[in-house]
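In what follows, a structure is listed as structure tokens, so that the remarks can point back to it.
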Amino acid sequence: MFLEQIDSPTDLRRLSTAELEVLCSEIRDFIVDAVAGTGGHLGSNLGAVELSVALHRVFESPTDAILWDTGHQAYVHKILTGRRSGFEQLRQSGGLSGYPSREESRHDLIENSHASTILSYAHGLSIGREAGTSDHRHIVAVIGDGAMTGGMSFEALNNLGHARRRVIIVLNDNGRSYAPTVSNLWANSQGVDERAGHPSLPDRIANTLSNALTDIRMNPVYVRRQRRLERFLHELPGVGHQAERALDAFKAGVREFLQPPAFFEALGVRYTGPVDGHDISAMEDAFHKAIELSDEGPIVVHVMTQKGRGYAPAEDDAEKHLHDAPVFDPISGPPKSAPTGYTQAFSDAIVELAERDSRVVAITAAMPGPTGLIPFQERFPDRFLDVGIAEQHAVTAAAGMAMAGLRPVVAIYSTFLSRAWDQVVYDVALHRLPVIFCLDRAGVTGPDGPSHHGMYDLALLSKVPGMRVLAPSSAEELRQMLADASELADSGPVVIRYPRGSAPSSTDSPGAGLSARRVVVAEQSPDIAILSVGRMLATAEDAAGKLAAEGIGCSVWDVRSCADLDPAMIADAARHGAVLTLEDGIVDGGIGARIAESIRACAIGLDAPAPVVTTLGLPTVFIPHGTPEEIFERFALDPDSVVNTARRSLP
């Protein structure tokens, strides 16, 4: 096997074209087997095999900085840079990260898992190189999987072109992010008539012409002659200026016909492509020519790839081409993905809400499937909006919809909402607009690591004036909270945050509005009260049972409303000898701190001594990947650790 002979990128350069084809096939089999055993990102990596090989054959990492946007497409890069053996522990605690990691390898310059940032990194690195503080020879930014729909990408392109920075941009265009890419520009670049589902005749003609012109424009001889022609026209006596403008107008007309070139070159970024992203020789030729031309400024090499290539279950997955997958049988492939747990509860609830209220619209940022919105999209296509990887735009667009009398529901991962913090505060909350934020993957998420844990939403959003923050502990509560939120939003925005994974089913009737719920009443004297947020209720109930077995009276409250807090819950907690708070967000400035302050104020009002309040939550550190159970145990948030803390807190 050729794969066993690849321990570093230099090993690739001695392989023939035929041998490289075999190697790529072996890499695909290896990735399928690895992800089948651990779960992970599959489709995007299967599509980037030849691209990764070509990059490492032409460029010399880490002397040349190869930077990966949407770092989940870097599995092949990891394999080629000596980490093949680590894939047995991919995304496992203490094992290989599912994203680039500076701790793992000198070939990973940037730990990047949030999209649309890489061109800004490249811009900054190019400034450092020209200042003499960095010795990178070439700076190569690989962007794709929908990341070009993000606003930062356009901002960086504008600056790269304006400053004529020497950056090579490789656009890995597979027409998708998680779902199909939301962009007319990329739809056109794929040459697809979206109504017919196949390339139209004008598109085929345009693609043929584009490829022919690319061959000409990437030829250094042509470029030198073009420069001489431009100088000649400029120096013509009397008519030089008009002749030069005529040439520019002709070139602009050609670019306008071929839309992506027109877009990039209007920003001062040279464009070439499209290039077959599964033809190593074609890509190597394009990269070598891009190196020659990059001295004049930034250049885009547009590479067309197929997400999920070479693995039938991925190619046949119309929704996401197995963008990500759980543990599965590599022979039969993963079962068809479907929302589960809290996500499923939200999916059902928003359809029910929209049936009752015609104002309800749903918004997501490139993730209709993972957030559970596909049933809504199918039922109400005119009331569904996928904005692509553009969280800031999603939030402010929701603000505009709310101003226009609609009831927008923004379904987004907790970690990704932080990208739109300014918009949440000043575009939504400042205007007291009726926008409902449904935050999936809140708290500890597990194998995706520090960039994906939803650790900050409770501490941040509870500080926004007028923002109501709700945390369900069961599927039934989530449904109730979404129904309540539609009315609560009359006075301002509402956040409902819930974790990844299974959702308990509650037989108790969930309270409406902002009331908390006491789920355990101390059978003995009320020694201690545990106030838990969301998913932590199960831990609190488990700990309370163990404390009761020791003769320690323990009450348990499901906080439900984190902002505002239920006064009845606070008053009851103040009558206990000690109070513990449990949350799966950062403890610094979190809901526990808010509860402690409220209990102290309540005790002063009662002219009674305040109980000692111990706040339990996550530390303000970047938490690596691992299972939620491992992470909770590590930070003393498992039931046994809570029992130990409770014993120590008793007066």
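The values are calculated or read from the model by the stated rules, or taken from the named source; none is laboratory data. Keep in mind that this is a model prediction, so the values were computed, not measured. Note that we place each Cβ from the backbone using ideal geometry, even for glycine, and neighbour counts take in every protein chain shown.
Look at region 298-322 and say how many of its residues are within 20 Å of the chain's Cα centre (by Cα) and either under 30 Å from residue 125 (Cβ atoms) or of a type in the set (Asp, Glu) (or both). Don't jump to the end; show me each part of the working.
Filtering region 298-322 down to residues within 20 Å of the chain's Cα centre (by Cα) leaves 307-308, 319-322.
Within this subset, residues satisfying the condition of being either under 30 Å from residue 125 (Cβ atoms) or of a type in the set (Asp, Glu) (or both) are 307, 319.
Total meeting the criteria: 2.
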(request) Please enumerate the residues belonging to region 151-190 that are modelled with pLDDT of 85 or more, β-branched (Val, Ile, Thr) and closer than 22 Å to residue 366 by Cα. (result) 170
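Look at residue 67 and say whether it is outside any helix (DSSP H, G or I), modelled with pLDDT of 95 or more and closer than 17 Å to residue 170 by Cβ. Explain how you work it out, then say what you get.
Working: outside any helix (DSSP H, G or I): yes; modelled with pLDDT of 95 or more: yes; closer than 17 Å to residue 170 by Cβ: yes.
Answer is yes for this residue.
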(request) Output the number of the condition that residue 601 fails; it satisfies all remaining conditions of (1) outside any helix (DSSP H, G or I); (2) without any contact (Cβ under 8 Å) to a residue 60 or more places away in the chain; (3) farther than 18 Å from residue 537 by Cβ. (result) (1)
(request) Residues being under 25 Å from residue 98 (Cα atoms) and in a helix (DSSP H, G or I): count how many of those fall in region 606-651. (result) 7
(message) Need the failing condition index for residue 133 against (1) in contact (Cβ under 8 Å) with a residue 24 or more places away in the chain; (2) part of a loop (DSSP other than H, G, I, E, B); (3) not charged (D, E, K, R), just the number.
(response) (1)
(request) Starting from region 470-495, keep only residues that are of a type in the set (Lys, Arg), then list their pairs with residues that are in a helix (DSSP H, G or I) whose Cβ atoms are within a distance under 8 Å, requiring at least 6 positions of separation or different chains. (result) 479/345; 479/348; 479/349; 479/352
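Under the condition of being touching a Leu at 6+ places or on another chain (Cβ under 8 Å) and farther than 19 Å from residue 305 by Cβ, which residue from region 9-36 is surrounded by the fewest Cβ atoms within 10 Å (Cβ to Cβ)?
We begin by selecting, within region 9-36, every residue touching a Leu at 6+ places or on another chain (Cβ under 8 Å); these are 9, 12, 15, 20, 23, 26-28, 30-32, 34-35.
Within this subset, residues satisfying the condition of being farther than 19 Å from residue 305 by Cβ are 9, 15, 34.
On the way: 9: 24, 15: 18, 34: 24.
Top of the filtered list is 15.
Counting just the residues of region 110-124 that are outside any loop (DSSP other than H, G, I, E, B) and in contact with a helix residue (DSSP H, G or I) (Cβ under 6 Å, 6 or more places away or on another chain), which one comes out farthest from residue 420 (Cα to Cα)? Before the answer, list the steps.
Just the residues of region 110-124 that are outside any loop (DSSP other than H, G, I, E, B), to begin with: 118-124.
Those still in the list that are in contact with a helix residue (DSSP H, G or I) (Cβ under 6 Å, 6 or more places away or on another chain) too: 119-120, 123.
On the way: 119: 19, 120: 17, 123: 22 Å.
My answer is 123.
What number of residues within region 357-370 are modelled with pLDDT of 95 or more and in a loop (DSSP other than H, G, I, E, B)? Steps first, please.
Step one: filter region 357-370 for residues modelled with pLDDT of 95 or more, giving 357-364.
Next, only the ones that are in a loop (DSSP other than H, G, I, E, B) stay: 357-359.
So the answer is 3.
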(request) Could you please tell me which pairs satisfy a Cβ distance under 7 Å, a separation of 6+ or placement on different chains, a first residue in region 350-370 that is assigned by TED's automatic domain parsing to the domain that holds residue 145, and a second residue that is crowded, with 21+ Cβ neighbours inside 10 Å and modelled with pLDDT of 95 or more? (result) none
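Residues being closer than 13 Å to residue 395 by Cβ and within 14 Å of the chain's Cα centre (by Cα): count how many of those fall in region 411-452. Quick ask: steps written out before the conclusion?
Let us first name the residues in region 411-452 that are closer than 13 Å to residue 395 by Cβ, namely 411-412, 416-431, 433, 435-439.
Right, trim to within 14 Å of the chain's Cα centre (by Cα) and you get 411-412, 416-420, 439.
Counting residues in region 411-452 that are closer than 13 Å to residue 395 by Cβ and within 14 Å of the chain's Cα centre (by Cα) gives 8.
Return yes or no: is residue 429 touching a strand residue (DSSP E or B) at 6+ places or on another chain (Cβ under 9 Å), crowded, with 19+ Cβ neighbours inside 10 Å, assigned by TED's automatic domain parsing to the domain that holds residue 359 and among the small types (Gly, Ala, Ser)?
Details: touching a strand residue (DSSP E or B) at 6+ places or on another chain (Cβ under 9 Å): no; crowded, with 19+ Cβ neighbours inside 10 Å: yes; assigned by TED's automatic domain parsing to the domain that holds residue 359: yes; among the small types (Gly, Ala, Ser): yes.
No, not satisfied.
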(request) Go through (1) of a type in the set (A, V, I, L, M); (2) part of a helix (DSSP H, G or I); (3) buried (at least 20 other Cβ atoms within 10 Å of the Cβ); (4) modelled with pLDDT of 95 or more and name the single condition residue 127 misses. (result) (3)
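From 59, 87, grab the single residue that is farther than 20 Å from residue 283 by Cα and of a type outside the set (Gly, Ala, Ser). Spell out the reasoning first.
Numbers: 59 fails: farther than 20 Å from residue 283 by Cα.
Among 59, 87, only 87 is farther than 20 Å from residue 283 by Cα and of a type outside the set (Gly, Ala, Ser).
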(request) Tell me, yes or no, whether region 100-109 has at least one residue that is within 20 Å of residue 446 (Cβ to Cβ) and either in contact (Cβ under 8 Å) with a residue 12 or more places away in the chain or part of a helix (DSSP H, G or I) (or both). (result) yes
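Among 298, 334, 274, which is the only one that is at pLDDT 95 or above and in contact with a strand residue (DSSP E or B) (Cβ under 8 Å, 6 or more places away or on another chain)? Reasoning before the result, please.
Values: 334 fails: at pLDDT 95 or above; 274 fails: at pLDDT 95 or above.
Residue meeting the stated conditions: 298.
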(request) Output the qualifying pairs, or none if there are none: Cβ atoms under 6 angstrom, residues six or more apart or on different chains, first residue in region 260-287 and among the aliphatic types (A, V, I, L, M), second residue surrounded by fewer than 21 Cβ atoms within 10 Å (Cβ to Cβ). (result) 262/255; 262/256; 267/158; 267/161; 269/161; 275/282; 280/20; 282/276
(request) Might you let me know whether region 283-295 holds any residue that is modelled with pLDDT of 90 or more, in contact with a helix residue (DSSP H, G or I) (Cβ under 7 Å, 6 or more places away or on another chain), outside any strand (DSSP E or B) and within 22 Å of residue 148 (Cα to Cα)? (result) yes
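Give the residues of region 435-451 that are among the hydroxyl-bearing types (Ser, Thr, Tyr) and either surrounded by fewer than 24 Cβ atoms within 10 Å (Cβ to Cβ) or touching a Cys at 6+ places or on another chain (Cβ under 7 Å) (or both), sorted by residue number. Spell out the reasoning first.
Going residue by residue through region 435-451, those that are among the hydroxyl-bearing types (Ser, Thr, Tyr) are 445, 451.
Across region 435-451, the qualifying residue is only 451.
Please determine whether any residue of region 534-552 is of a type outside the set (A, V, I, L, M), touching a Phe, Trp or Tyr at 6+ places or on another chain (Cβ under 7 Å) and in the same structural domain as residue 599 (by TED's automatic domain parsing).
yes
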(message) Being over 17 Å from residue 73 (Cβ atoms) and either surrounded by fewer than 20 Cβ atoms within 10 Å (Cβ to Cβ) or among the β-branched types (Val, Ile, Thr) (or both) is the filter here; which residues of region 295-314 pass it?
(response) 295, 296, 297, 299, 300, 312
(request) Working carefully through the options 55, 3, find the one that is over 29 Å from the mean Cα position of the chain (by Cα) and of a type in the set (A, V, I, L, M). (result) 3
